[in-house]
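A quick write-up on the structure given underneath.
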Amino acid sequence: MVFGKVVEIVKSELDLDEGIEITLATSMMKDLEADSLDAVEIIMALEDEFSIEVPNDAAENFKNIGDIVSYIEANK
């Protein structure tokens, strides 16, 4: 399941506690306090995991976890 893998990668890259709940509506910047470098590292990890390439203009439009999941599902 894409959502579960995305959550796993986000938690790993941000070194988050397993108990933190992440939903499709969770914002990486606002809710998880990720900065732009964190976002780049997460995108790179997602690209490796799902064997896709995420263009910068697409990545800039990711507002929440749901946006990322939708993109991956549409492009894998």
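Can you name every residue in the range 51-62 that is more than 10 Å from the chain's Cα centre (by Cα) and closer than 20 Å to residue 32 by Cβ?
54, 58, 60, 61
Could you check the range 45-58 and list, in sequence order, the residues that are over 14 Å from residue 6 (Cα atoms) and open to solvent by 90 Å² or more (accessible area, probe 1.4 Å)?
53, 56, 57
Suppose we filter the range 5-42 for residues that are of a type in the set (Lys, Arg) and touching a helix residue (DSSP H, G or I) at 6+ places or on another chain (Cβ under 8 Å); how many remain?
Residues in the range 5-42 being of a type in the set (Lys, Arg) and touching a helix residue (DSSP H, G or I) at 6+ places or on another chain (Cβ under 8 Å): 1 in total.
I want to confirm something. Restricting to the range 1-44 and keeping residues that are among the hydroxyl-bearing types (Ser, Thr, Tyr) and open to solvent by 70 Å² or more (accessible area, probe 1.4 Å), which single residue is nearest to residue 73 (Cα to Cα)?
Looking at the filtered set, the residue picked out is 12.
The values are calculated or read from the model by the stated rules, or taken from the named source; none is laboratory data. This structure is a prediction, so every number in the text was calculated from the model and none was measured. As a convention, Cβ positions derive from the backbone with ideal geometry for all residues, glycine included, and neighbour counts pool all protein chains shown. Each accessible area value is taken on the protein alone, full model and side chains, heavy atoms only, with ligands, DNA and RNA left out. Shrake-Rupley method; radii C 1.70, N 1.55, O 1.52, S 1.80 Å.
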